[in-house]
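Input: a single structure, listed below in structure tokens.
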Amino acid sequence: MPVGSAREILRRLHDVMAARSPAQAKLDEVVRVIAEGLGSDVASIYLRRDGVLELRATRGLKQEAVHVTRLAVGEGLVGTIAETKAPLSLAEAREHPRFAYRPETGEERFHSFAGVPIVHREAAIGVLCVQHVRPRTYDDVEIEVLQTVAMVLAELIAAAGLVDQSAAPPRPVETGPVRLDGLRLVDGIARGVAVFHQPRLPIERRVADDVAIEHARIERALATLRAQIDQMVSRAEFAGPGDHDEILETYRMFALDEGWVRRIHTAIEGGLTAEAAIDSVAQAQRIRLEASRDPYLRERIHDLEDLSNRLIRILAGRADTAAALGLSQESILIARNLGPAELLEYDRRYLKGVALEEGSLTAHVTIIARAMGVPMLGRIRNLRERVSEGDPLILDATAGALHVRPSPALLKAFAAQKAALARREAEFRALRGLPAETRDGVRIALYVNAGLRSDLDALEATGAEGIGLFRTEFQFLVSATLPRLGRQVELYRSVLEAAGERPVVFRTVDIGGDKAVPYLGDRDGGEENPAMGWRALRLSLERRGLLAAQARALLLAAAGRELRLMFPMITEPWEFLEARAVVEEARRRLEARGRPLPQKILYGAMLEVPALADLLDELLPRIDFLSIGTNDLTQFLMAADRGNPKVAARYDWLSRGVLRYLARVVAAADQAGVPVTVCGEMGGRTLEALALAAIGVRRLSITPAAVGPVKAMLRSVTLAPIAERVAQWLDTPGCQLREALRAEAERQGARL
């Protein structure tokens with residue numbers, strides 16, 4: 001389909017819909033224009049009516065099928081397109097498992113099929129499809145032309161009043177208190193009024209009058225967009241070292257992406273205005289990225305939509321996001337999603353929290369919010385339909401809840417909770433300089449887990465004894481390309497400098513599986529069980545250049561210091577030995593070039609795979625320290641995905657099976673003289689930390705927020721009698737250890 005033909009179709013469609021003729025006559029003319037323009041044997045439009053898809057116009061099928069053929073959403077090929085809001089193209093339609101034959105259409109002689117959704121205000125209001133007698137494959141250009149036509153058609157159909165209101169969920173009328181549940185992204189509680197982040201501006205004009213003018217408009221807008229991003233990157237408060245610099249650099253790379261800009265210009269050549277071209281490209285990208293099994297690519301949807309929204313606002317000469325208009329009171333921001341740059345534009349004095357319909361733990365905006373200390377809740381269904389501008393809100397991200405129009409009792413409880421948190425934080429601060437030591441003199445070393453430079457402030461704030469786990473993969477996940485050596489060295493050196501004399505354990509990069517990055521590619525096309533797949537050290541040993549490059553960066557950053565290096569997800573001792581050999585080879589090469597090196601290197605292993613426990617007799621003599629990653633380990637031991645609510649109850653750190661397993665590992669390491677640290681979430685919960693201390697664990701690496709509560713708990717108990725009771729319970733069949741331990745701790749007056 002030549003670009004000129006696409007432009008001609010759009011021009012003719014505009015003329016048809018602008019004519020003074022009945023709606024049905026317009027639709028009949030539209031399918032004729034599309035069939036002729038695309039050279040198809042059939043062109044059909046299905047529109048939603050009373051919740052089902054009705055054939056409203058066709059060129060090529062039998063006319064008596066119009067208003068007669070009806071398909072439910074999800075039924076047949078047309079229903080599938082409406083359900084998924086994604087294009088579908090088939091060389092042989094009948095081979096598709098959802099093919100549904102309707103004899104009244106006379107479509108039995110047509111073989112190939114291509115269809116796209118007609119989307120209006122994020123709802124599928126219909127389907128545009130074409131068919132050919134002969135089997136044929138539709139190329140990407142043809143599908144993009146169909147998508148462009150469907151996008152313009154959606155606006156024309158809406159203007160003609162043909163949109164079925166059942167296509168979009170009705171807005172519930174609610175005035176009383178409501179609790180909305182969501183995904184905890186950044187912990188914290190906040191109170192404020194609902195402020196809507198300005199959504200995408202409506203596009204009033206979609207068909208271009210003069211293509212040359214539209215090309216010039218988009219180039220001027222792109223120049224402005226890039227200048228805005230450059231200014232944001234260089235702003236004083238964000239110019240220093242921090243995790244946001246990697247994110248904003250990646251964001252800038254998207255803005256400079258030649259492929260994105262080229263696709264916009266191609267859409268303009270097809271006859272769209274600059275705004276409509278941006279929208280068309282954004283829709284196509286969203287469909288492609290949502291279909292990807294790569295989590296990194298799916299997360300980039302939000303960055304690309306952020307750029308598209310910003311570009312459309314520049315073209316419209318309007319910067320009327322809530323950030324640009326300014327916040328005047330304590331506010332909770334409401335949005336479907338946000339790009340990282342958009343969040344950074346808000347006034348931190350008044351921005352108290354963020355609530356999103358989408359969002360994820362690895363999204364750039366989540367990382368930025370965490371660095372800013374802004375509580376954030378995501379995955380809240382129908383958020384924008386159930387909250388009104390100005391509604392009073394309480395955001396309890398830690399509990400995964402957004403309270404809309406809270407009752408007086410809830411407001412009072414929130415105030416009490418804030419006051420109690422303030423008192424507890426004051427108490428924990430008072431313990432900062434004291435050891436985590438039980439009443440009977442058992443000392444437990446408390447370290448913090450980190451992965452962001454913004455986490456390093458917690459060392460001083462909590463009085464932790466060091467960093468027991470620094471996750472190095474974050475820098476790899478936020479970057480669009482493999483992080484340069486200099487950037488890695490800068491990060492690792494800043495971590496060591498912040499720690500001072502306190503130890504830091506660097507875990508080599510744990511990517512792959514559900515933490516995919518685009519620049520390494522996907523050799524196998526995705527995995528059914530990514531947590532147990534090709535990730536962490538398995539991937540690093542396959543891509544030895546990646547591990548060698550990280551080893552060089554760590555060695556250079558730790559020059560003159562002690563370097564503690566840990567390898568993740570070891571299954572057998574030979575993996576540890578091969579990984580250590582890669583690091584030692586990097587050390588020898590740097591030494592030969594006269595580069596300064598660490599004074600000492602300590603090598604550790606992370607026990608996450610259950611099978612490694614039966615090989616500790618071979619591994620322990622070869623390592624300097626052992627870390628237990630209880631998150632994955634427990635998941636593997638109990639065959640329970642903690643993210644699956646149906647089996648979440650089986651994911652219990654205080655089950656006898658888990659604790660007996662851990663006790664054996666700790667005993668073996670103690671006998672070999674190898675220090676053991678537990679660095680999963682288990683150690684950050686007070687009752688679980690008490691159980692770990694009872695079975696002999698003397699080092700915990702936990703979240704910064706958990707240091708105070710765990711230290712206060714340890715200082716409130718006498719460990720010896722608890723350890724004796726735990727040993728008995730582990731040998732008692734049927735013992736409910738969690739309940740028994742809690743009762744014993746409460747009997748002692750422990751601060752749980």
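State whether one or more residues within segment 682-694 are out of contact with any Phe, Trp or Tyr (no Cβ under 6 Å at 6 or more places or on another chain), farther than 22 Å from residue 743 by Cα and crowded, with 24+ Cβ neighbours inside 10 Å. No, the conditions are met nowhere in segment 682-694.
Consider segment 397-425 and keep the residues that are in contact with an Asp or Glu (Cβ under 7 Å, 6 or more places away or on another chain) and of a type in the set (A, V, I, L, M). The one that is nearest to residue 709 (Cα to Cα) is 397. Residues in segment 307-328 that are out of contact with any Asp or Glu (no Cβ under 6 Å at 6 or more places or on another chain), at pLDDT 70 or above and crowded, with 17+ Cβ neighbours inside 10 Å: 307, 308, 309, 310, 311, 313, 314. For segment 15-23, indicate whether the set of residues that are surrounded by fewer than 18 Cβ atoms within 10 Å (Cβ to Cβ), modelled with pLDDT of 85 or more and touching a Gly at 6+ places or on another chain (Cβ under 8 Å) is non-empty. Checking segment 15-23: not a single residue is surrounded by fewer than 18 Cβ atoms within 10 Å (Cβ to Cβ), modelled with pLDDT of 85 or more and touching a Gly at 6+ places or on another chain (Cβ under 8 Å). For residue 750, the criteria (1) more than 23 Å from residue 614 (Cβ to Cβ); (2) surrounded by fewer than 19 Cβ atoms within 10 Å (Cβ to Cβ) hold in every case but one, which is (2). Out of 651, 603, one residue alone is within 27 Å of the chain's Cα centre (by Cα) and buried (at least 19 other Cβ atoms within 10 Å of the Cβ). It is 651. Selection of segment 560-575 for residues being surrounded by 24 or more Cβ atoms within 10 Å (Cβ to Cβ) and of a type in the set (Val, Ile, Thr) yields only 570. Just wondering, is there one or more residues in segment 329-344 that are under 20 Å from residue 703 (Cβ atoms), surrounded by 13 or more Cβ atoms within 10 Å (Cβ to Cβ) and not assigned by TED's automatic domain parsing to the domain that holds residue 704? No, there is no match, as no residue in segment 329-344 is under 20 Å from residue 703 (Cβ atoms), surrounded by 13 or more Cβ atoms within 10 Å (Cβ to Cβ) and not assigned by TED's automatic domain parsing to the domain that holds residue 704. I'm trying to understand the selection: among the residues of segment 567-578, which are of a type in the set (A, V, I, L, M, F, W, C) and either without any contact (Cβ under 8 Å) to a residue 60 or more places away in the chain or touching a Phe, Trp or Tyr at 6+ places or on another chain (Cβ under 7 Å) (or both)? Within segment 567-578, 567, 570, 574, 576, 577 qualify. Screening 462, 398 for residues that are out of contact with any helix residue (DSSP H, G or I) (no Cβ under 9 Å at 6 or more places or on another chain), in contact (Cβ under 8 Å) with a residue 12 or more places away in the chain and not charged (D, E, K, R) leaves exactly one candidate, 398. Based on this model, can you work out whether residue 628 counts as surrounded by 13 or more Cβ atoms within 10 Å (Cβ to Cβ), closer than 30 Å to residue 183 by Cα and among the aliphatic types (A, V, I, L, M)? So residue 628 fits the description; yes.
For the condition modelled with pLDDT under 90 and not basic (Lys, Arg), residue 120 qualifies. So is residue 98 in contact with a His (Cβ under 8 Å, 6 or more places away or on another chain), among the charged types (D, E, K, R), assigned by TED's automatic domain parsing to the domain that holds residue 162 and surrounded by fewer than 17 Cβ atoms within 10 Å (Cβ to Cβ) or not? Spelling it out, it is not the case that residue 98 is in contact with a His (Cβ under 8 Å, 6 or more places away or on another chain), among the charged types (D, E, K, R), assigned by TED's automatic domain parsing to the domain that holds residue 162 and surrounded by fewer than 17 Cβ atoms within 10 Å (Cβ to Cβ). If the condition is being assigned to a loop (DSSP other than H, G, I, E, B) and modelled with pLDDT of 70 or more, then segment 453-485 contributes 463, 464, 465, 466, 472, 473, 482, 483, 484. Summed over segment 404-449, residues that are closer than 30 Å to residue 724 by Cα and in contact with a His (Cβ under 8 Å, 6 or more places away or on another chain) total 0.
The residues of segment 214-255 that are aliphatic (A, V, I, L, M) and either modelled with pLDDT under 80 or in the same structural domain as residue 155 (by TED's automatic domain parsing) (or both), listed by number, are 229, 232, 233, 236, 239, 247, 248, 253, 255. Scanning segment 703-715 for residues that are within 16 Å of residue 452 (Cβ to Cβ) and either at pLDDT 90 or above or acidic (Asp, Glu) (or both) yields nothing.
The values are calculated or read from the model by the stated rules, or taken from the named source; none is laboratory data. Predicted model only: the values in this text are computed from it and were never measured. Please note: Cβ atoms are built from the backbone with ideal geometry, for glycine as well, and neighbour counts cover all protein chains shown.
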